[in-house]
Every structure is written in structure tokens, then in C-alpha cells.
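Visitor: Got a structure for you, questions after.
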Amino acid sequence: MLVPVFTLKLSHKLVPRTVALGRFDGTHPCLAAATQAGKVTAGGGRQQQGGGAGRSLTASPILLPSGLLNINQAISCLSAGLLRPQPAADCLLVGTATSLLAYDVHDNSELFYREVSDGANAIVLGKLGDITSPLAIIGGNCALQGFDYKGNDLFWTVTGDNVRSLALCDFDGDGKTELLVGSEDFDIRVFKEDEIVAEMSETETVTALSPMYGSRFGYALSNGTVGVYDKTARYWRIKSKNHAMSIHAFDLNSDGVCELITGWSNGKVDARSDRTGEVIFKDNFASSIAGVVEGDYRMDGSTQLICCSVDGEVRGYLPGGEEMKGNLMDTSAEQDLIRELSQKKQNLLLELRNYEENAKAEQNTQLKEADGQRGVIPANTQLQTSLSVNLGSDSQSAHVELCISTTNDTIIRAVLIFAEGIFEGESHVVHPSLQNLSGCVRVPLTPPKDVPVDLHIKAFVGYRNSTQFHVFELTRQLPRFSMYALSSPDSATEPLSFVNCTMNERPQRIVMWLNQSFLLPEDAEFQSAPFQVCFTSLRNAGQLFIKIKSGGEISISTDDIDLAGDIIQSMASFLAIEDLQVEADFPAYFEELKKVLVKVDEHHSVNQRLSADMAEHSNLIRSMLVQAEDARLLGDMKNMKTRYIELYDLNRDLINQYKIRCNNHTELLNNLKAVNQAIQRAGRLRGKYAYWEGTGSPGSH
Amino acid sequence: MELSLARVDYLQVGVTAQKTMRLLPASGRAATQKVVVGDQDGVVTCFGMKKGEPVPVFKTLPGQKIARLELGGALNTPQEKIFVATGSEVRGFTKRGKQFLSFETNLTENIKAMHISGADLFLCASYIYNHYCDCKDKHYYLSGDKINDVLCLPVDKVNSITPVLACQDRLLRVLQGSDLLYEVEVPGPPTVLALNNGNGGDSGEEIVYGTSDGKLGLTQITGSAPVHKWEIGNEKKRGGILCIDSFDIVGDGVKELLIGRDDGVLEIYSFESVDEPVLRYDYALSESIGSVQGGCVGKDGYDEVLASTYSGWLTGLTTEPVHREGGSGEELKLSQEMQSKISSLRNELEHLQMKVLQEREKYQQSSQSSTAVSSVPAFSVNDKFTLNKDDASYSLILEVQTAIDNVLVQSDVPIDLLDVDKNSAVVSFSSCDSEPNSNFLLATYRCQANTTRLELKIRSIEGQYGTLQAYVTPRIQPKTCQVHQYQIKPLSLHQRTHSIDHDRPMNTLMLKGQFSFAEIHSWVVFCLPEVPEKTPAGDSVTFYFQNTFLGTQLESSYRKGEGCFKSDNISTISILKDVLSKEATKRKINLNISYDINEESVRHTLKLIHPKLEYQQLLAKKVHLIDALRELQVHEGNVDFLLPKYRSILEEADQLLEEYKKQPAHLERLYGMITDLFIDKFKFKGTNVKTKVPLLLEMLDGCEQDGLIAFFEAAA
């Protein structure tokens, strides 16, 4: 069994996901982590930290005597690594909600400090694509920015939602790294410099990404899922009730391939095979894991895996050597295997016995009351499901209806539907009360996003007084655009906004896509151009027109720019179109965008005014303080008191102003997010990156 | 000396019940012992180990479930005759598997517990105890509550037959002939009894008992009164005790105590300080341990502890080191043995798989026919639904012989489902429709592979009653699910006690009407947990209860046509009044309800609650401060500048956090109960004070005891 080669205890509480290992003086490795209330501890290691005494510049950090760096703001991300060409020492990068700081711990000086209005939720250090100097790339409010060691902004682009995780990985195998971005809209996007080359939809906020080797990378979601992707294909994933706090790739069993190491919120650390997700090692900490890093912490020439808990407990593991034969667990693998096989045997024997009993039951085919209780049902019982659009009534809003029914007098006791992304949790249960039991259950579904969803249905079928039920399991796919009901084109007014494009495809194929992606009462058939269908959204009653004109021109009319983008993407991927020229006009949306831009300007000017006020106030404070202290030294208590009261009032004003500033800032952020999203949305209208695969260059656009 | 034991899995039989595995005494030249085990398929299996392979000695044909398996024989000879209890029958087998006895008892119920001593046979059904001598009925006793286990003090030492019954109502009943000698109060419902040291100690009168809430104790059963020797609580919140044995596994000449629990923990206690046992070793198996015994099974010369688990695994914890130092040659042989075992298992599996595939096809075909029926496989679920005294919450434990796929939990009363750290299952709460389907809780537990045991924690609210249902779906084909129901009773947080404090100011509820003793008993069963379902013998009965959360008490005594309920908590009386009148109306029985409210009792109850309230409020405040204080500590480098009270918070931070985590929503529950008390007090006066509740809640934050009492008295 693998045991830690060293353990140590830091005296601080660490903030999860902000642990990094750096050689800040070029040789000695040192653990850096954020503590609560905006400090960075850069302690540990073999050398004593903290060269210079604290400096007193207010805007810049102070290295406390205790080896703490005071940031005075909640730290959202932290990283360490080589950024400068000279000297070859790592620098520390600290991101907060408004700024990014690059810091030289050894010299106790800052390399650069940049205000970033979009914030820094995640940070990654390294080379990106063809950009020669290493960058510190931060992801914030829909925006990505990369800085070199001088603080020059060499890389900037936008993405669909708030960025929560970043990683650098050679995704297409061209020897250059691409940027993986995980965001709050559940997507993992791959950027080849500033262009998106792939996009994978997950089921929850992507909280962590970690390159493994080649094009393989690990990911973690906020619902407790971790898994491994190779390019756009998911290898495996597992879900736990705990949350993955940190993931890292490390070859723990010395087989030459990295395992995915996960630190969990319950203090567990496990290493899983990159191919199967099988656990090859696990250990437990007393509290949640804050971070998992690697490095030669003992300076003996070997690399250790280092895990830190939020309570400051640190354990380092050396990869298992030859003699362990990859067997890192304490119980012997053979024993486990025998146990597993024996369990399988028991299960098979049980199943066999079930069939025997069943055959016995068949001998007397008469159904009796007692049989019903035991769960005997006619063997030809079938479960039928159908999906349809329900336009709703006064008491119920419009929804997609899943109807499940049996074919005879049996009843459905309960229905469990496991599906991702459309329920609050991962499942939805329908359990009618005893008097409402019947052979048919209707389940209203309202998927919040236009994504195809697999519904894994488990229905408990039996009789009214049964204590045992048959479980019917089946899977239905909810089409991507199921929340749009077919309506007659005459009654609806066509939206002003539209997207036009021309495809060299047979219209029949497009109609096929239509049948597959929408819930139509009956399959549409293409007779002749022009062909037109009209839908009404169940969410906001917005109209959607899809027209196919002769000559392959397709026109999609909707006021919802997101929907237009989704339709183009879906169509392009169905028809395997790589590049699509489109013409779009969204007058209403652009009007809105214009308003937002005006607002952004306004907020900027308000911000400036407030800053000016603040500067003025601080001057006042200085003079007042001097006056008050003078008065105190002179023994003029009355005067001193008035001065301090004034100072107090001023302080209150400042706090009020600060609150205004804060509100202003949040609004500004929201507006900026809207702008960033607008750029992203417009990008989605082109069928560019929809289905890109292979190793060659994707070509420029 | 550190005890290090290695786990070896020997064999898997069918699902086993409590106390159904024993080791036969070693005989002849062979030093290793044979194992005999009875399972719920009715099969008795006897096997020995040869070169790491289980070699069967005999195996009987399937039949009814085996409830108990004991060894017997003439006194002062090796106890090597095997007795099993199935249904209402006792069968005897020789160690070679020859049946020499088939004794059909006159019991109408199934046998639940059995003890054998020479020619004396002690059998228990749910409530009935019977003593047979040479299969002739000698004595009979009807117990007041369910009997869990039976034991007889060693006849050769005590010189008389002294049977002891372990009963669900927290009593050990000591009998003499057909009569009760005396009762012994124990701290929890006893589930298993064993003779201390295997022989009852020097006097032969010492017995060890284990309870369903995980406590352990030793009592000396003298001729006139019990003498309590020691008692070990259940600090680590482990499972209930299912089996006890004494064996010297350490080899120091003193027998250790071996304990098997229903959460799969096996413990070894040693007697270092002579009197009190000390926990020496524990090992966690993944499923409940029904029987445990020390002996020598796997290899000559190495002692071990053998345990049988719910799904029928016979697992040994052996003193034989895993990596023997005999050089690599032997190790190689060992792994070869393993390999051949694995490959034979694989072959067997393949064979089975083929057979299953054929059968599956047949099954599929039958579904085409319109006359055929399809039954679902019966699988057994081992479940336990108990109230924990410490945090006044219920725990529901579900255990299945194969891996669980998912569990659906549904409730028609508002309850809280709490997270249990041990569980790895992914919980998902579904939205509920209380109208018209009366669902207040719908949650699914999707279990990880190989989960056979699931533990849930549930918090109920007194006064709100209904049913909790669990639909268990295991990973077997054809897919099936079983529903199990659990009652959430109106006074769900009450627990039976042996005595109450009679000096407290009490409120009284009197019932009079045309109802039978059985009827009123059934109402009490409906309202309160831990009351035997069977109507007690005699004309009247008195039960005492304690509220596990507040510490208030309830005395209920009733007879035909009359019932009297006394409690110092007005809310308890109010709930009883509502439920009882509703039940009586359902049965169209005219009830004459009168009550006597003691004003003093409200003050008394508030005095009882207030310290808890204050403590919890203080705890919440302290916990709130911890992070900020820690930050200060880090910033300043030391804590000398802090006031002593803040310094002490920092010092105790870990304990405080632990305590706070242990009882989530404790404060909210207290607030709720005080509010109920407030409303109920005035309900009896006929005034509705619901409008004043916000005022009450407001003043609860940091208020003095006197202030609270004054508020209760002023509001009207």
C-alpha cells in the first residue's frame, strides 16, 4: 500500500482551489495558498520565507513577517510558474474579483498589477499557440485575457458565460497548446488562440480542468462528477455525492501514464485510471481537500504528489515503484477479485432461481389475489411511452408531456426519471397517492435549455396492493427543440429578425433534421419548395419560422438570437457542414445592445467621478487627521473631539460612496457580460466550429 | 502489542440470520475446526478448509428459513451436535450430517431464539417462551414484549435452571420455571445474550448483553437480584450488536470479547484493567455481522475470528500473516492457489452465464404469450428503523443480499432527510406535489456499485404522522423492486423508559367511553413507538415514556373503558387529545375526554427547555465567531491580546464545530417546540394566539428564562 512520504501541518486555513507550488527563488520549492480574508501564505518548504519587511504602499500587497502576503481582497485564484525569461524563478500570480497581481516572492516586489474589470475566476500559466512568451491567462466574466510578464495584454477573447476553470492542453496534436475553458453554462470550449475549435456540452458548471497527456484531459463539475475526455469524446465519468475540489494528472503507479487524481470535499483523495476510471489508490483527510499539486518538495530529485486539506494538512506521496506492481491498495487484489466473482455467481444463481420460480408460477396461470401482492403480472405486459407537446391550461403552463402507460389492468406505482440538466436534482419522481393509481402516468417536462436529453425511465408496475413491483427500464430521447410547438403560419406574425444561409443539401435532409429535432405531431414531408414551418416557443410564446426556398436557401426567423444560433449549430452538425456563410439581421437585439453600450459608458463615467471624489476625500482625511492629532498634542480636547467627529462623518460618507461604487460596478459587470455574450452569440450564428474534428488545421475564417 | 489480523474470505452461502454460524470443536488429530452455518434457504452447510480450499463435509436440502443454529450434546462432553430452528421445528444433525432429531414443537409461531443445554431445549417465538426437556414440554412463559434472545445459566455451576430472556422493552427477564423471578433494566433493547467468558464467569452467573443501539454490558444474575458490573456506551455511533463471543485471540491467557455489529464493524475488546473491557481492534466489513466465533479454521496453528455476514459470506480475520517470511517460493505457491481458485470460479461463472442466457431467452419468449404470467424474484431486505436517543432522529437501515441499484424514499408527512457521511449514494430530491398525491418527500438514492447497505437519517416533527415508504431496487434480473413501509407516529420522538419522575407538575388527559382494552391499546400503539403490538396480559397496563429531544415525560395507564395520560408537556397532551379523538371518531366510538391542565407545568417545561436553548444559542454564536478569531490569530501571530472568553473559543474551536455539525437545525427544532408549547397552552384555554407567534420568535433570540416565562403568562 502507498503511504505518504511526508506530512506536515500548515497553521492556516486554506481556500479551496488556490494551492500552487512554486520555486520562487529558483531552487527551493514552496507551497503557496490563499487563506481566508485575502492573504496568501507562501510558507513551507525548506527555506525561510519573507526577505524584506512589510512595505506600506496601500494598493500593493504586504508581505507580513509571518510569511503572509496580504492582498486585502478575497482571492479567487492563484498560480505559480515561470513567466519571466530572467531570472529563472517562479512568480506568484494572484487573481481577485477585480485585479490580477504578478508577484516576485523572493524579492518581495510586484511584477505588475492590473485592474481587470471582468475579474479573474480562474488562472492558468503557460504558452498558448503561437504566442512566444509565456502568458498568465485569466478567465472572468465571459472574458479571457492573457498577460505577459510585463503586464502587456497579448491575448483577449470572449466566451459564452462566466469562466470557472482553465487548462492548457495540446488538443489537436499539432505541438502547440490550446486553451480549454470551462464555464457556468456547462460548456467546455477549446480555443486555438482566439478562435473556438470545439465545444462540449456538460451537465453542470465546469469547476476544474486538468490536462493529462496528449489530447486527453480531466474535468470536474459542480454536481460531483469527474471524468476524462479525449478530444471531444468522453472516455468515462463518475458521479459522487461529494464535490471534486481539485483535480490533477499524476502518474502514481509508475506505468508511464498519468492517473486522474481527485481531491474531494469530504477529504477523500483518489487516483483513477485514465482509461476506465477505476480507482487504483485512495486516502482520506480529516477535512475537505483544498488542492492537489506536484513537485519535488523534498528536493531529492523525485517528484511527489502533494495534497493539501483546507485545515492545512499536507501529505506528499511518491509514485509506487516496481515492487508494488501497480497495486497501491491495502487489500490484495486477488481477494477482491474472488469476492467480486463470487458475488457475480450469487447474482446469476439468484437470477436462475427467479426464472425457475417464474416457470413454477406459470404452471397455475390463474391470477390470484395473493399473486398480485407478490407482484405476479401477465407476462405480456408492456410499457408504452409517448412524448407530445401540451399547450397547457389555466392551472398549468405549457410543457412537454411524457405519457407512460401499461397495456393491461396493471397499474404504475411510481415513475423515476433520471435525466441530466432538466430537473433540480438528477431525478424526477412521480408517485401517485393510492386513490389516484392507474395504468397511465403523465409527466410534465420543461427543459430549461435547448439540448437533447436522454430520459432514463424506471416504472414500477404491479397491482394496487402489491409489495413487490416489476421495474420496467427504458430510455427515451427528448429532441433538442422539444419546447417549440408547431403552429399554423397564418395566425402568427413573422418576426423581424432572421438568419439566412444557403446549403448545398437536399431539402429532404433538412426536413429529416426537422423531424428529429422537434416534437411534431406527425412527421413533416417535403413536397416542393418553398417549404415553411412555424413554431411557437412554450417558454415565452416567441415565434420561429423556418423556410426552405428553392435553390437551397434557408431562412430562420426568430427574435431570439440564442435560438437562431442553436438551430444553425444543430443543423450544421446534423448535415456535417464545416463552414457556413450566413446573413443575419437582429434589429431588436442590436437596439438592446446599443442601449447596453450606452449604459457601459455611463457606468464608466460614474466610476470615474466616484474615484475623483474618493481621492478628494482622502486628502481631506489626511488634513483632518493631522489637525486632530495636533489638537491632541496641544491638549485641546474639545477641538480634537470635533475633528474626530468630522472624521467619523466623512468616513461614513466614504462607506456610502463605496456602496454606490460597488453597485455601479456590479451593474457594469452585468452589462459587460451582456456585451461579451453578444459577441459570442453573433459568432454562433456562423456554422463555423460546429463539428470540427481531425488533426489538421481547421483553416482560417 | 498491536493486534494485526488479515482478512480471508472462505465461502458464500445464502442469506444468513443472526446466530446461525458455529465452529465445531476440533476432533481427532486435526487441529482445524469445521464451520457449520445455516442460511435462509434452509440449507445447513458444514465445511472445513484444506489447502486454502473449502471442502464440504455435508450440505442439507433447502427448506424453510433457518432462524438459529446452536451446538449441543450431553453435558461435559464435546458439544458437537448441531441443532437448527426452522419454522416451528427443531432439527438435530450429527457432525457428519446425519439427521437424528426432527422435533415439531407445538408453537404456532416461528421460532425466533433458541438455547440448548444438555437435554434442555429453550425456544422463543415472538412473545412466547417454552422450555422442553427431552422434547417434553416443561415450562411456559408469556412475555410482555418481543423476545430477542434466550439464554440459560450453566446448570453445572448454578445448580438450577435459570433462563434469561432478552426483551425488546429494555428488560432482561429472569425466569424460574414458568414464573418471572425478576426483571433487569438495561440501557437499550437487548438483542443478544452471551455467557461471560463463554462459561458465565467464576460464579456462572455473569452474562454479557448487547443492545440494538450499540451498547454492551455485563450483569451478574444472582438468585435474588441483578448486579451490574460494567456498561460500555456507543460513543462512536456504531451499529447495533448482533453477536458476542469470547475467545483468546491475543494469546495472553485471558479471553477477549468479540463483537459483531449490524453496520459491519467487528470489534475485539480485551480485559487489560481486569474489570472494564477496552477496545483493542476493529475491522469494518461492508455488511451486518450475524454471527462471530473465535477458533482455528484456515490454517493449523493460527487462531482467527470467523464471522458470517448478512449476504452469507464466511470471513475470517486470521493471525496468520499475509506475507509469510518463508521466502518467495511459498508466496508463489500462494498466488498459484489463488490463480487456480480464480480460474475455477471463472469457469463456473461462464457456465452459469450460458444457462442464464438460455433462461432469459425463454423468459422473453413467454412475454409473447397472452396467458403466461410473470412473477418477480423475491429477495430479502434486512431493515431497521430506530429512534436515536442522542440527536432525536430516526435512522433507517436497508440491507440487501445483492448490490442495491436505487432506493426511492417517499413520505406523506413532512420530514427532513439528513445526509449520512458513510453513504456514497447520490441523493436527488424531486419536486413534490402535496396535492393531490400527498407527497411531502420524494428522494432517490442512486447507489454506487457494490453498495449492499444504505443508511438514512430522518428527522420527524411530533404531531405530524403518516407513513414513510422505501422502494428498494437491487441490481438483479429481472429488475424488481420491493416496498417497505415505516410508521411515523404522532409522538415519534418518545422512547420507553423504566421509570419517571413523579414530582413534576403534570397535565392529565382522561378518556372514558365504550371501548375495549384491546381498542385503547391499539390507539396507544398507533400514537407511540416501542409499544408491543400484542395487547398486554391483565386488565390494565402502564407505560412510561420520555421525550428524547426535550426530556419531558409521559405516563400512560389504561384499561377497558378508561385511559389516563399524564405529561409535564402540554404539547404532548394536546397531540394525544387530537389523535385519540380522531381515532375514536373513525371507529364511531363516543369518547368522553376531560383534561386537567396544570399551569405550573408550562413554567416547568420552559425551565427544562431554556438551558438547552441558551446553550444552543451560545454555541451558534461561538461557532459564528471562530473564523473571524482565527483570522485575527493569523494576523497578529498570537492570541495574547484577546479576552479570555475569546481565547477559550479558539482553544475549543474543533469541539465546538464538531458539536455544531452533529446537531443541525437543533435551534430551529427548539424554537418550533417552544412555539407549539405556546400555542397548545392557549388552545386548552380556548384562545388562538397564532398572531402572537412572530412576537414570541422575536423575543426568543437571546432572552432570559424569566422573560420567557413572563411572556407565556402575560399573553392571553
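Visitor: Looking at A:Ile457, A:Ile417, can you tell me which residue is open to solvent by less than 70 Å² (accessible area, probe 1.4 Å) and at the interface with another protein chain (Cβ under 10 Å from one of its Cβ atoms)?
Guide: Matching residue, one of A:Ile457, A:Ile417: A:Ile417.
Visitor: Residues that are closer than 25 Å to B:Leu171 by Cβ, of a type in the set (S, T, N, Q) and over 24 Å from the mean Cα position of the chain (by Cα): find the strands (runs of 3 or more DSSP E) completely inside the stretch B:69-157 holding 1 or more of those.
Guide: Counting at least 1 such residues, we get B:113-117, B:128-133.
Visitor: A follow-up question, please. Just checking, which of A:Ser537, A:Ser555, A:Ser491 is of a type in the set (Ser, Thr, Tyr) and free of Cβ contacts under 8 Å to residues at least 12 places away in the same chain?
Guide: That would be A:Ser491, the only listed residue that is of a type in the set (Ser, Thr, Tyr) and free of Cβ contacts under 8 Å to residues at least 12 places away in the same chain.
Visitor: Here's another thing I want to ask about it. Say whether the condition of being surrounded by fewer than 17 Cβ atoms within 10 Å (Cβ to Cβ) and farther than 18 Å from B:His131 by Cβ is met by at least one residue in the stretch B:168-180.
Guide: Among the residues of the stretch B:168-180, not one is surrounded by fewer than 17 Cβ atoms within 10 Å (Cβ to Cβ) and farther than 18 Å from B:His131 by Cβ, which makes the answer no.
Visitor: Another question, then. Can you tell me which residue within the stretch B:643-659, out of those that are in a helix (DSSP H, G or I) and among the aliphatic types (A, V, I, L, M), is most open to solvent (accessible area, probe 1.4 Å)?
Guide: Checked the stretch B:643-659; the qualifying residue most open to solvent (accessible area, probe 1.4 Å) is B:Leu657.
Visitor: For B:Val472, which of the numbered conditions (1) of a type outside the set (Lys, Arg); (2) under 30 Å from A:Leu352 (Cα atoms); (3) in contact with a Ser or Thr (Cβ under 9 Å, 6 or more places away or on another chain); (4) modelled with pLDDT of 90 or more fails to hold?
Guide: (3)
Visitor: Test A:Leu168 against the criterion of being outside any loop (DSSP other than H, G, I, E, B) and either under 23 Å from A:Thr225 (Cβ atoms) or among the charged types (D, E, K, R) (or both), and give yes or no.
Guide: Yes; evaluated as a whole, the condition is true for this residue.
Visitor: Would you please list the contacts, defined by Cβ atoms under 9 Å and residues six or more apart or on different chains, that run from a residue in the stretch A:630-651 that is surrounded by 13 or more Cβ atoms within 10 Å (Cβ to Cβ) to a residue that is not in a helix (DSSP H, G or I)?
Guide: A:Asp630/A:Asp636
Visitor: Does B:Ile589 satisfy being in contact (Cβ under 8 Å) with a residue 12 or more places away in the chain and surrounded by 19 or more Cβ atoms within 10 Å (Cβ to Cβ)?
Guide: no
Visitor: What are the residues in the stretch A:653-671 that are within 20 Å of the chain's Cα centre (by Cα) and of a type in the set (A, V, I, L, M, F, W, C), if any?
Guide: A:Leu669
Visitor: Oh, and also: So in the stretch A:105-125, with the set limited to residues that are modelled with pLDDT of 85 or more and surrounded by 19 or more Cβ atoms within 10 Å (Cβ to Cβ), which one is farthest from the chain's Cα centre (by Cα)?
Guide: Filtering the stretch A:105-125 for residues that are modelled with pLDDT of 85 or more and surrounded by 19 or more Cβ atoms within 10 Å (Cβ to Cβ), the one farthest from the chain's Cα centre (by Cα) comes out as A:Leu111.
Visitor: Determine which member of the set B:Lys661, B:Lys681, B:Lys692 is over 39 Å from the mean Cα position of the chain (by Cα) and among the charged types (D, E, K, R).
Guide: On inspection, the qualifying residue turns out to be B:Lys692.
Visitor: Looking only at the stretch B:618-642, filter to residues that are closer than 27 Å to B:Leu417 by Cα and touching a helix residue (DSSP H, G or I) at 6+ places or on another chain (Cβ under 9 Å); which one of those is most open to solvent (accessible area, probe 1.4 Å)?
Guide: B:Lys622
Visitor: In the set B:Phe526, B:Phe545, B:Phe515, which member is among the aromatic types (Phe, Trp, Tyr) and either without any contact (Cβ under 8 Å) to a residue 24 or more places away in the chain or part of a loop (DSSP other than H, G, I, E, B) (or both)?
Guide: Going through B:Phe526, B:Phe545, B:Phe515 in turn, the sole match is B:Phe515.
Visitor: Here is a check on your reading of the model: is A:Asp450 more than 12 Å from chain B (Cβ to nearest Cβ), over 20 Å from B:Glu435 (Cα atoms) and in a loop (DSSP other than H, G, I, E, B)?
Guide: The answer is yes for A:Asp450.
Visitor: So B:Phe682 passes all but one of these: (1) open to solvent by 60 Å² or more (accessible area, probe 1.4 Å); (2) part of a helix (DSSP H, G or I). Which condition number does it fail?
Guide: Of everything listed in (1) open to solvent by 60 Å² or more (accessible area, probe 1.4 Å); (2) part of a helix (DSSP H, G or I), B:Phe682 misses just condition (1).
Visitor: Give me the pairs, please: first residue somewhere in the stretch A:422-436 and more than 7 Å from chain B (Cβ to nearest Cβ) and closer than 16 Å to A:Glu204 by Cβ, second residue anywhere and β-branched (Val, Ile, Thr) and part of a strand (DSSP E or B), beta-carbon distance under 7 Å, and either six or more positions apart or on two chains.
Guide: Partner pairs satisfying both residue conditions: A:Ile422/A:Val453.
Visitor: So which of B:Lys489, B:Lys512 ends up being farther than 21 Å from A:His470 by Cα and in contact with a Pro (Cβ under 6 Å, 6 or more places away or on another chain)?
Guide: B:Lys489
Visitor: Could you list all residues from the stretch B:430-458 that are at the interface with another protein chain (Cβ under 10 Å from one of its Cβ atoms), touching an Asp or Glu at 6+ places or on another chain (Cβ under 7 Å) and free of Cβ contacts under 8 Å to residues at least 40 places away in the same chain?
Guide: B:Ser431, B:Ser438, B:Asn439
Visitor: Six or more apart or on different chains, Cβ under 8 Å: which pairs go from a residue in the stretch A:369-391 that's under 16 Å from A:Ala459 (Cα atoms) and at pLDDT below 80 to one that's among the hydrophobic types (A, V, I, L, M, F, W, C) and part of a helix (DSSP H, G or I)? Could you list them?
Guide: As it stands, the answer is A:Val376/A:Ala361, since those pairs meet every condition given.
Visitor: Now a separate question. What single numbered condition from (1) in contact with a Lys or Arg (Cβ under 8 Å, 6 or more places away or on another chain); (2) surrounded by fewer than 20 Cβ atoms within 10 Å (Cβ to Cβ); (3) in a loop (DSSP other than H, G, I, E, B) fails to hold for B:Glu231?
Guide: (3)
The values are calculated or read from the model by the stated rules, or taken from the named source; none is laboratory data. Since the structure is predicted, the reported quantities are computational estimates derived from the model, not experimental observations. Counting neighbours? That spans all protein chains shown, and the Cβs are built from the backbone with ideal geometry, glycine included. In case anyone asks, the SASA skips ligands and DNA or RNA and just uses the protein heavy atoms, side chains included. Shrake-Rupley method; radii C 1.70, N 1.55, O 1.52, S 1.80 Å.
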